[in-house]
Each structure stands twice: as C-alpha cells, then as structure tokens.
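Bear in mind these aren't lab numbers, they're just calculated from the coordinates by the rules spelled out. Quick caveat, the model's predicted, so the values are computed rather than measured. So basically every Cβ, Gly included, is an ideal-geometry build from the backbone, and we count neighbours across all protein chains shown.
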Amino acid sequence: MYGGSITKAAAIFNIGRATIYRWLSREKLEATKVKHRQRKLDWKALSKDVQENPEARLRDRAEKFGVRPSAICYALKKMKVTRKKKELRYRERNREERMKYYRVLRELIKIYGSESLVFIDESGFEEFQACFYARCTKREESIGR
C-alpha cells in the first residue's frame, strides 16, 4: 500500500482525489473544527421575534431583518418552527350556558317569529384584519389573538 497512487488510495477509502491533495497540502493532519460562516440573519433574534410576533408574515420578517423571505423560511425550517392555523374559537366556552341560551332563543322565536329577531354583536369591532396563521415550534399550539 505504501507508494501507491493517489487514484488507488481515493478508490480504497472511497473519497475524491481532490480530498487527498487537500490533505497533502496541509501542514498538520489533525482534525479541524468546521466553523460556520457569519450569517446575515441572527437566528436568536429571529427566534425571539417569532415568540413575540407569531402571526407576522415571511415578507414582513424579511424586511425587518434585511434579508430575503427565502432566508427567513430556511432559518425557520432549521429551527423547526412551523406555520400553523390559529384556533380562533372562544376558549372559555360554556356548553351549559350556550344550551340555555338556545332554549330561550327557541322560545322567543315561537312567540315573536324569526322575522322579528335582530342580533347585535356586542363583542366590538377589530381595527385590523385577522391573521389566520401563526408560527410556533412543532410542540406548541397556536392560539388566536
């Protein structure tokens, strides 16, 4: 095996010839630590932004961090942050109270008829359009605001 060709060595170890040439040009053959290059996007800041603003769109985050939306998408995928549909139902619903309301409503319809009923929404008006999706980690549940 000593004195063999680089091509034979590459075939034996199942590596490319360029790898062997690279090893030969190094001063020391010790293992080197692979350093990740400096990224334009700060993943820690992105993670914090996802927790603070889960409903923000990729485009909005990209503008905020000064990168392309594809870079945000790539980082979120690597961080295992997924896009989920928010649960928009009222969480403190009370089934018994609702059934009681339906019974009273049914009696009012029998007395006055369905044409004379007027429903007033007392929950108020929202100034912004609701976003139906949010981002969170795979184990978290997305709750609507």
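Applying a DSSP loop filter and a limit of 10 other Cβ atoms within 10 Å to the GluC sites (Glu not before Pro) in the stretch 1-85 leaves GLU27, GLU30. Each of ILE72, ILE111 has some number of other Cβ atoms within 10 Å of its Cβ, and from fewest to most they run ILE111, ILE72. Could you give the nm distance between label points at LYS44 and ARG98, where each point is 7 Å from its Cα heading toward the beta carbon? Reported label-point gap for LYS44 and ARG98 is 4.5 nm.
Between ASN14 and ALA31, the simple label model (points 7 Å from Cα in the Cβ direction) yields a spacing of 1.9 nm. Say the cut-off is 31 Å between C-alpha atoms; which of LYS33/LYS85; LYS33/LYS78; LYS44/LYS85 go over it? Flagged as over cut-off: LYS33/LYS85. For the stretch 1-119, the Stokes-Einstein estimate of translational diffusion at 10 °C and a viscosity of 1.306 mPa s comes to 73 µm²/s, using the Kirkwood hydrodynamic radius over alpha-carbon pairs.
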